[in-house]
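Input: one structure, supplied below.
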Amino acid sequence: MLFSEIVLFIRSVPKIIDALDNIANMINGAIDRKTDMELALIKERLNALTQKLQTTDDKNELADIVRSLNNIM
């Protein structure tokens, strides 16, 4: 009986590996989508800021955006 259980386990290894690979791909996809969304929001902030960059507050906002980019990369 132990031999047959070992054989069944060995036969199931490729399915287990495929399942783990699928999970890893889903996680990486979610991370990529989150990063894309964060970059899009930062781009929007940069575009809005370029219209008004005149005050100290504007310069501070730009510095905050740069810090945000550094945290992503």
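So which residue, out of R11, R45, R33, gets the largest mean-square fluctuation from a GNM of the chain using Cα contacts under 10 Å as springs?
R11
OK, next. Across segment 19-27, in residue order, what do the Karplus-derived ³J(HN,Hα) couplings come to in whole Hz, using 6.51 cos²θ - 1.76 cosθ + 1.60 with θ = phi - 60° and x for Gly and Pro?
Result, ordered by residue: 5, 5, 5, 4, 5, 4, 5, 5, 5 Hz.
Follow-up. Whole-Hz Karplus ³J(HN,Hα) for segment 55-65, in order, using 6.51 cos²θ - 1.76 cosθ + 1.60 and θ = phi - 60°, x for Gly and Pro?
For segment 55-65, the Karplus curve yields 9, 5, 4, 5, 5, 5, 5, 4, 4, 5, 5 Hz.
Calculated from the structure, Rg/Rh (Cα atoms, Kirkwood Rh) equals which of (1) 1.49; (2) 1.06; (3) 0.94?
Label of the calculated value: (1).
About the Cα centre of the chain, how large is the charge dipole given +1 on each Lys and Arg Cβ and -1 on each Asp and Glu Cβ? Please answer in debye to the nearest 20.
Details: 9 positive and 11 negative charges, 10 e Å.
Charge dipole of the chain: 40 debye, to the nearest 20.
Throughout, read-outs are computed from the coordinates displayed, never taken from laboratory work. Just so it is clear, the model here is predicted, and its values are computed rather than measured. Note that we place each Cβ from the backbone using ideal geometry, even for glycine, and neighbour counts take in every protein chain shown.
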